[in-house]
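Scroll down for the structure; my scribbles are underneath it.
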Amino acid sequence: MNEIRVTSADKFDIRDWLRTELMPHFMCPGCGHGIALRALLWACHELGIDKDKLAIVSGIGCSGRTGAYIDANTFHTTHGRPLAFATGLKLARPDLTVIVITGDGDSLAIGGNHLIHACRRNLDITCMMLNNEVYGMTGGQVSPTTSAQRYTTTTPAGNMEPVFDACRLAEGAGASFVGREATLQIPTLKDLLKEAIAHEGFSFVEVISDCTEIFGRKNALGSSPEMVLKQKKVMIPERSDNRIAQPFRPNPFPTGVFVRQERPEYGAAYRQMCERVQKGGKGR
Amino acid sequence: MGSDTERDDVTSVLIVGVGGQGVIMVSKVLATLCQEHGLEVKQSEVHGMAKRGGAVFSHVRFGRHVHSPVIPAGEADVLLALEWAEGLRWLHFLDPENGTFISDVRKIVPPFACRDRGRGVAPQYAKTTPRDVLEKVSVGYALDATGIAAKLGNDRAANTVLLGILSTALSFPEQAWLDVIERFVPPKTREINSAAFLAGREWVKEATVPEGEVLPVPEVDTVLKNVVNRLEITEEWCKGCDICVKFCPERCLALNDAGKVVVKDANACTGCRLCEMLCPDFAIRLHKELPAEVAQ
């Protein structure tokens with residue numbers, strides 16, 4: 001038998017990119033983070049990135065653990081701080097492709113401060129935020145992206161807080177590339193990640209993932225195939241009672257590229273300044 | 001007697017196509033033009049399946065007095081098809097003796113035509129050629145309007161190219177058509193639509209009976225036909241989340257008693273890779289293989 005490899009999907013074998021000795025991974029059955037990980041590695045494969053030149057920085061949480069399975073330079077950092085570590089890493093080693101894998105709690109709650117400043121600086125790193133609406137690893141607490149009225153261990157009577165729209169936050173903070181896609185549409189997600197990695201400047205990609213065991217079960221969202229299929233429908237970004245006033249918005253979570261703009265990249269500007277100072281100038 | 005008089009007076013144009021091609025735009029242009037020439041116009045349409053390639057049709061009837069908004073089968077004076085298979089589907093509405101058939105030969109294959117097919121075989125599609133149709137109608141024009149429009153810079157102007165052909169079958173002056181088109185198209189595309197309309201009129205002047213087949217006959221790819229899709233399942237990695245089983249369009253997979261995925265029907269696999277791509281545990285791999293004897 002001769003194996004035929006014609007399309008990009010034929011040529012991509014995820015096992016070339018995984019630390020297979022660590023598999024099977026620790027994620028629950030049906031967890032969308034695995035699908036997101038495949039999309040990311042597929043994008044890296046298509047871009048022809050050298051594994052030795054790829055640095056994956058991740059924080060704490062289910063999302064943080066996904067980075068550990070990648071057979072590249074991976075860095076498992078403290079909660080909410082992967083972007084801070086990545087900033088230092090990219091400034092010290094501008095030759096590396098730096099990708100941050102973070103979660104909704106990791107980047108919006110604990111690391112919210114780091115996220116907005118990373119967006120503002122526009123350093124050439126890619127931030128993939130896996131949004132599963134919950135703190136999965138720590139026991140299912142409410143997160144800034146938990147939909148309206150959802151039950152979690154810390155919201156036993158339903159979530160009453162308004163929800164963070166991460167893409168609008170990143171846009172407002174000044175990220176030069178912002179996009180969102182669901183794991184269900186993995187080829188599109190792969191293309192979006194490809195664009196984000198290739199983009200020069202800070203790129204933020206929100207991946208709509210699913211948490212079946214901790215979040216889905218508590219909220220009766222169905223089995224994992226059902227959750228994946230309904231991904232975009234079950235997420236309610238605002239208070240659910242708002243939706244009555246918006247009957248023509250069947251998909252409350254738009255996907256695609258929202259922002260793509262040319263802005264001065266922080267690393268280049270920083271190195272220029274260093275050069276001037278080293279020559280004895282004032283840096284301005 | 002009533003119906004006969006009405007038929008003499010009324011011209012019926014049936015416009016058919018696939019959602020998004022501009023069937024409604026074409027009929028609006030025609031209806032407005034007729035109204036401006038002091039004629040009574042009745043138009044009825046079925047649309048709304050437009051977004052995902054559903055069938056769209058529009059009846060336009062005009063004359064001094066029009067009673068019914070619907071064209072009876074076999075009485076359309078012009079059948080304008082923006083897509084080839086749609087044209088064939090509505091062919092029986094055309095007056096077989098005096099009707100004019102105008103159609104784009106480009107095909108738009110609906111998604112369901114891809115189901116239940118053999119490996120490497122092109123999706124099912126109408127095999128009737130323009131030459132076959134020419135035998136059934138009095139006047140017939142089949143052209144690659146989309147190609148003409150694409151050459152002008154925007155393939156979405158294909159409907160205006162066909163409008164140009166339609167204009168030669170009716171007796172309104174050229175400038176009147178151009179004026180109405182200009183009002184209906186977005187301002188940025190005015191120029192290209194005018195050019196497309198004129199290109200359509202030009203095309204009719206040089207139209208000939210085709211020598212060979214205009215529609216290419218779908219070929220079976222000899223390599224792809226023999227490809228064997230082999231699903232490799234790493235059982236230790238599978239957590240039995242059921243995603244692959246539920247998403248497989250051909251229902252090839254199942255969960256066994258241990259909650260691990262197994263291949264239920266290997267022959268049904270079309271190699272779409274949905275299971276491989278959506279497996280969160282990377283437990284499924286698809287190998288497209290060519291048997292050694294075929295490879296030689």
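Derivation of every value follows stated rules applied to the coordinates shown; laboratory data play no part. For clarity, every value in this text was computed on a predicted model and none was experimentally measured. Cβ: placed from backbone, ideal geometry, glycine included. Neighbour counts: every protein chain shown.
Within a 10 angstrom radius of the beta carbon, how do A:M128, A:M137, B:M277, A:M160 rank from fewest other beta carbons to most? Intermediate values should be presented prior to the final figure.
Values: A:M128 30, A:M137 18, B:M277 23, A:M160 10.
Going from sparsest to densest Cβ surroundings: A:M160, A:M137, B:M277, A:M128.
With the cut-off at 1.5 for a/c, could you classify the stretch B:228-295 from its C-alpha gyration tensor as rounded, prolate or oblate? Prolate, since a/c reaches 1.5 and a/b exceeds b/c.
Based on the alpha-carbon gyration tensor of the stretch A:21-113 and its eigenvalue square roots a ≥ b ≥ c, which shape applies: rounded if a/c is under 1.5, prolate if not and a/b is larger than b/c, or oblate? It comes out oblate by the Cα gyration axes.
Relative to the longest principal axis of the Cα atoms of chain A, the long axis of helix A:82-92 makes an angle of roughly 20 degrees.
Dipole size of chain A about its Cα centre, with +1 on Lys/Arg Cβ and -1 on Asp/Glu Cβ: approximately 680 debye, rounded to the nearest 20. When B:T208, A:T255, A:T126, B:T32 are sorted by how many other C-beta atoms sit within 10 angstrom of their C-beta, beginning with the fewest, the order is B:T208, B:T32, A:T255, A:T126.
Computed from the C-beta positions of A:T153 and A:A68, the FRET efficiency with R₀ = 30 Å rounds to 0.75.
Counting every pair of alpha carbons in the protein assembly as shown, the share spaced more than 39 Å apart comes to 47 percent. Assuming R0 = 35 Å, what is the FRET efficiency of A:K11 and B:N154, from their Cβ-Cβ distance, to the nearest 0.05? Computed FRET efficiency for A:K11 and B:N154 comes out at 0.55. Taken over the alpha carbons of the stretch A:123-243 as equal point scatterers, the Debye sum produces base-10 log I(q)/I(0) values at 0.11, 0.13, 0.17 Å⁻¹ of -0.39, -0.54, -0.88. With neighbours defined as other Cβ atoms within 10 Å of a residue's Cβ, the residues A:C62, A:C31 order from fewest to most as A:C62, A:C31. Binning the alpha carbon pair distances of the stretch B:4-207 at 10 angstrom intervals from zero yields the distribution 9, 36, 38, 14, 3, 0, expressed in whole percent. Total lysine pairs in chain A at Cα distances under 25 Å, for residues eight or more apart or on different chains: 22. Taking a ≥ b ≥ c as the square roots of the eigenvalues of the Cα gyration tensor, an a/c ratio of 1.5 or more together with a/b no larger than b/c marks chain A as oblate. Counting only alpha carbon atoms, the long axis of helix A:33-47 and the longest principal axis of chain A meet at about 30°. Under a model in which nothing but the beta-carbon of Lys, Arg (+1) and Asp, Glu (-1) is charged, the protein assembly as shown shows a dipole of about 2160 debye around its Cα centre.
Out of the DSSP beta bridges found with both residues in the stretch B:4-207, what percent are antiparallel (nearest 5)?
Working: 15 of 29 bridges.
About 50 percent, rounded to the nearest 5.
Note on the stretch A:152-226: with charges restricted to the Cβ of Lys and Arg (+1) and Asp and Glu (-1), its dipole about the Cα centre is near 160 debye. Within 10 Å of the Cβ of each residue in B:238-249, the mean number of Cβ atoms contributed by other protein chains is 5.
At 7 Å along Cα-to-Cβ for each site, give me the label-to-label distance between B:T128 and B:R251 in nm. Inter-label distance under the simple model: 3.4 nm.
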